[in-house]
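To start, the structure itself, in structure tokens.
The values are calculated or read from the model by the stated rules, or taken from the named source; none is laboratory data. For clarity, every value in this text was computed on a predicted model and none was experimentally measured. Counting neighbours? That spans all protein chains shown, and the Cβs are built from the backbone with ideal geometry, glycine included.
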Amino acid sequence: MKKLSMVALFLLLATSVFAHEGSVGLYTTQAATDCDAFVPPFAPTGIYLMYYRSDAGPDGINGVEFMIEKTSAQVSFLTPAWNPQTIFNGDLATGIGIVFTSECFGAGQSLIYIGTIQVMSLGAPAGWILKVVGDPRSLEGNGLNVTMCDYDKTMAPVLGGWFVATEGGCNVGNESGSWGAIKSLYSE
């Protein structure tokens, strides 16, 4: 019971301190169901950059700001293919801002396609990671934000996702098996 109370307290604190409006993640498909894959050396590989709206997230967005960190210098970004309804300022490795050219893009959708990031392993060992983090140029919060569809284009904080270059290296949390750790707390 004490363990369960501690977990409940942690979840309560986490939801108030780490409130977010969704996440910007890296996936193997636009369905956002997998965030890992074997990436063969010297073969350009496309990874989808998606905004995944949470229950409290805005219904459509006008833009997003972020940066992508690599855990290996032997991984190279090639030319990204952005959603055709976007314009961008910056670079993936140092910080980028992306704006949709249509007002309140993706309204009514839980997933919004931002672009396809082309990467190539130059012999990096398996298991390297790409992680979506905040744009250091941002003037809002930690720099990992989406722009809401209100008059002021309010910035809303989001979580950053990751891509792991090995099969079975990450879990997007939408499968029943991902809740096993939480369920086990109730069985003790």
### Task
Return the only residue of 78, 130, 144, 92 being under 26 Å from residue 41 (Cα atoms) and in contact with a Leu (Cβ under 8 Å, 6 or more places away or on another chain).
130
#### Entry: Filtered residues of the range 87-126 (kept if among the acidic types (Asp, Glu) and in a strand (DSSP E or B))
91
### Query
Looking only at the range 23-64, which residues are surrounded by fewer than 16 Cβ atoms within 10 Å (Cβ to Cβ) and either basic (Lys, Arg) or within 28 Å of residue 152 (Cα to Cα) (or both)?
54, 55, 56, 59
#### Entry: Any chance residue 169 is under 16 Å from the mean Cα position of the chain (by Cα), modelled with pLDDT under 95 and either part of a helix (DSSP H, G or I) or surrounded by 15 or more Cβ atoms within 10 Å (Cβ to Cβ) (or both)
yes
### Message
Out of the residues in the range 65-100 meeting the condition of being surrounded by fewer than 18 Cβ atoms within 10 Å (Cβ to Cβ) and among the acidic types (Asp, Glu), tell me which one is farthest from residue 164 (Cα to Cα).
### Response
91
### Query
For residue 122, are the conditions met, namely being surrounded by fewer than 17 Cβ atoms within 10 Å (Cβ to Cβ), touching a residue at least 60 places away in the same chain (Cβ under 8 Å) and more than 22 Å from residue 27 (Cβ to Cβ)?
yes
### Query
Would the range 144-164 turn up any residue that is part of a loop (DSSP other than H, G, I, E, B), closer than 16 Å to residue 48 by Cα and either touching a strand residue (DSSP E or B) at 6+ places or on another chain (Cβ under 8 Å) or not acidic (Asp, Glu) (or both)?
yes
